[in-house]
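What follows is a set of notes on a single structure, which appears directly below.
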Amino acid sequence: MRAIKFVVAASAPGATAPLSRAPGGGAERPASAGRTSNLFGEVVMTSDSAAALDPAVTNPEHYQVVFENERVRVLEYTDKPGDRTTRHAHPDSVLVVLSSFRRRMYAADDSAHDLELTAGKVGWLAAQQHAGHNIGDTDSHALFIELKEGARTETGVLGPVGPAVR
């Protein structure tokens, strides 16, 4: 599996950040709101960015919340061949693959990474932002078990890692 690094560009002192509007309207705010970089240059998601890019909000036709408590949230994901998602974010999560499928993942810089997921496998999904496209000929079905505690640091790897990926 090929790792894709996210590039974090720092603004020049005094530069003005571009503005973006939160999903569903709302006040304009700097596009970088909700994200910051740690000492290592890794993008760290804050609760502000996680809420704005919540897949259950940005892609409700594909992501359904099936369980939630103070420690975890479980999302069920489904789609059909050819379906695409808009850009969204996941905190650190465990991915449970319920059907085998092929996806093309798009990083923040729109570079693509293809992966194949195998039914019955489980993998780790480090916090990340991406968009996806079902490029296979089967429906996708998976569960995301999102962790609510601890750091949410993007690692630059798109998609899950571990035995879920062939």
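Residues considered: Gly120, Gly136, Gly132. Of these, the only one that is closer than 18 Å to Pro91 by Cβ and either at pLDDT 75 or above or assigned to a loop (DSSP other than H, G, I, E, B) (or both) is Gly132. Residues that are more than 10 Å from Gly132 (Cα to Cα) and in a strand (DSSP E or B) within region 103-115 comprise just one, Leu115. Number of residues in region 77-108 that are open to solvent by 40 Å² or more (accessible area, probe 1.4 Å) and over 19 Å from Ala52 (Cα atoms) equals 10.
The residues on offer are Arg73, Arg104, and the sole one that is on the phi < 0 side of the Ramachandran plot and either without any contact (Cβ under 8 Å) to a residue 60 or more places away in the chain or of a type in the set (A, V, I, L, M, F, W, C) (or both) is Arg104. Count of region 29-55 residues, restricted to those that are surrounded by fewer than 17 Cβ atoms within 10 Å (Cβ to Cβ) and modelled with pLDDT of 95 or more, is 0.
The values are calculated or read from the model by the stated rules, or taken from the named source; none is laboratory data. These numbers come from a predicted model, not from an experiment. Cβ coordinates were reconstructed from backbone atoms using ideal geometry, including for glycine residues, and neighbour counts include every protein chain displayed. The protein model used for the area step is the full one, side chains on, heavy atoms only, and it has no ligands, DNA or RNA in it. Shrake-Rupley method; radii C 1.70, N 1.55, O 1.52, S 1.80 Å.
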